[in-house]
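Q: I have a structure I would like to understand better, so I am pasting it below and will then ask my questions one at a time.
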Amino acid sequence: MNKKNKALFIEVTDIEYNTKPNYRLNCFRKHRHMEQKQPQTDLLPYPSCPTMDQGLVNVLTDLCFQEEELTSSDLLFVFGSNVKHKEIAALIAKLIDRNLVDQVIITGGIANFGNSYHQNRPESEAIYGHLPEKHKQRNIILETSSKDMFENIQEAEKLIDIENIKTITFICHAYASKRAALSLKSFFPNTKIYCIPLPLPSDHKDYPVNSGNWSKTKYGQSLILGEYLRLITYGNRGDFPLATIQAHLDQVERLLLNK
């Protein structure tokens, strides 16, 4: 961890937010010496939040979310998900029907982190199970052992011929779409990456967690503040370079320190 980002993380973690004033400092202490790739689910996903004004909302939206228009790609990369399996399968089927993808890889083993829904089969198999039978005959690969976003890519890389893949469209939860794009680009630097974000349900049915609605619920605010911390932590441990998002990280830091 370089000095600039180390200082950033200490300062942000030391701010007192509501009922969990020391969470960020404890989080930093827990991860500062991470040399091995530990599961990306170690961080508390829903930290307490300060009051968010529109300036902070705008910067966090730009930092955490990514989306491109649908385009044809050599590979559809589906990140593991513990929820919304039917919806993800429907989206895969739609892309296949529109001839926008040549090959599909669905990732995800059995979820085992604290806030996950317990299931007895891999996430990739659960998603695949919702596909119509005619789509199951297409070129679809299942990766069944990964436990987090980094492992989704790491294990998938062993199953695909990247030499013949020039473009990748990926599906993941909207709140983690920027981190997913950065992680994929780190593995496949010469490949064009396109994102299809999947909104996550929140504690209010009218406001799913997407780029336009996340700030309207406490759940969404907490999830995105947690994503800000994950970007710092996993970037500093080497999952992806922070250079492309450093300006946004600095801006969030300044706004938080003014709270």
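The values are calculated or read from the model by the stated rules, or taken from the named source; none is laboratory data. The structure presented is a predicted model; accordingly, all values stated were derived computationally and were not measured. So basically every Cβ, Gly included, is an ideal-geometry build from the backbone, and we count neighbours across all protein chains shown.
Q: Anything in region 226-243 that is of a type outside the set (D, E, K, R) and under 18 Å from PRO197 (Cβ atoms)? List them, or say none.
A: Answer for region 226-243, where residues must be of a type outside the set (D, E, K, R) and under 18 Å from PRO197 (Cβ atoms): GLY226, TYR228, LEU231, PHE240.
Q: Could we say that ALA90 is of a type in the set (Gly, Ala, Ser) and crowded, with 16+ Cβ neighbours inside 10 Å here? Spell out the reasoning first.
A: Details: of a type in the set (Gly, Ala, Ser): yes; crowded, with 16+ Cβ neighbours inside 10 Å: no.
No, not satisfied.
Q: Out of all the residues in region 189-218, which are part of a loop (DSSP other than H, G, I, E, B) and surrounded by fewer than 16 Cβ atoms within 10 Å (Cβ to Cβ)?
A: Across region 189-218, the qualifying residues are PRO189, ASN190, PRO201, ASP203, HIS204, LYS205, ASP206, GLY212.
Q: For the condition β-branched (Val, Ile, Thr) and touching a residue at least 60 places away in the same chain (Cβ under 8 Å), what is the one hit in VAL209, VAL252?
A: One residue alone meets the criteria, VAL252.
Q: Another one. Tell me which residues, restricted to region 138-188, are surrounded by 19 or more Cβ atoms within 10 Å (Cβ to Cβ) and among the hydroxyl-bearing types (Ser, Thr, Tyr).
A: Passing the criteria: SER146, THR169, TYR175, SER177, SER183.
Q: Also, quick follow-up: For region 146-188: of the residues being more than 18 Å from the chain's Cα centre (by Cα) and free of Cβ contacts under 8 Å to residues at least 60 places away in the same chain, which is farthest from ARG121 (Cα to Cα)? Give the steps one after another, and end with the answer.
A: Restricting attention to region 146-188, the residues satisfying the condition of being more than 18 Å from the chain's Cα centre (by Cα) are 158-167.
Next, from what is left, pick out any that are free of Cβ contacts under 8 Å to residues at least 60 places away in the same chain: 158-159, 161-163.
On the way: LYS158: 21, LEU159: 20, ASP161: 26, ILE162: 27, GLU163: 31 Å.
Across region 146-188, the extreme among qualifying residues is GLU163.
Q: Tell me which helices (runs of 4 or more DSSP H) are completely within region 94-177 and hold 1 or more residues being polar (S, T, N, Q) and at pLDDT 95 or above, or say none if there are none. Spell out the reasoning first.
A: Details: elements: 123-128, 133-136, 149-157.
Output list reads 123-128, 149-157.
Q: For region 56-83, what are the residues that are within 17 Å of GLY109 (Cβ to Cβ) and of a type outside the set (S, T, N, Q)?
A: PHE77, VAL78, PHE79, GLY80, VAL83
Q: Tell me which residues, restricted to region 67-84, are surrounded by 17 or more Cβ atoms within 10 Å (Cβ to Cβ) and in contact with a Phe, Trp or Tyr (Cβ under 9 Å, 6 or more places away or on another chain).
A: SER73, LEU75, LEU76, PHE77, VAL78, PHE79, ASN82 - these are the residues of region 67-84 that are surrounded by 17 or more Cβ atoms within 10 Å (Cβ to Cβ) and in contact with a Phe, Trp or Tyr (Cβ under 9 Å, 6 or more places away or on another chain).
Q: Oh, and also: Can you tell me which of (1) farther than 24 Å from LEU159 by Cβ; (2) at pLDDT 95 or above; (3) outside any helix (DSSP H, G or I) is the one VAL59 doesn't meet?
A: It fails just one condition, (3).
Q: Identify, from the list LEU249, LEU182, LEU231, the residue that is within 29 Å of LEU95 (Cβ to Cβ), not assigned by TED's automatic domain parsing to the domain that holds ILE127 and not in a strand (DSSP E or B).
A: On inspection, the qualifying residue turns out to be LEU231.
Q: Just wondering, is there one or more residues in region 212-219 that are touching a helix residue (DSSP H, G or I) at 6+ places or on another chain (Cβ under 9 Å), under 24 Å from ASN152 (Cα atoms) and either at pLDDT below 95 or hydroxyl-bearing (Ser, Thr, Tyr) (or both)?
A: no
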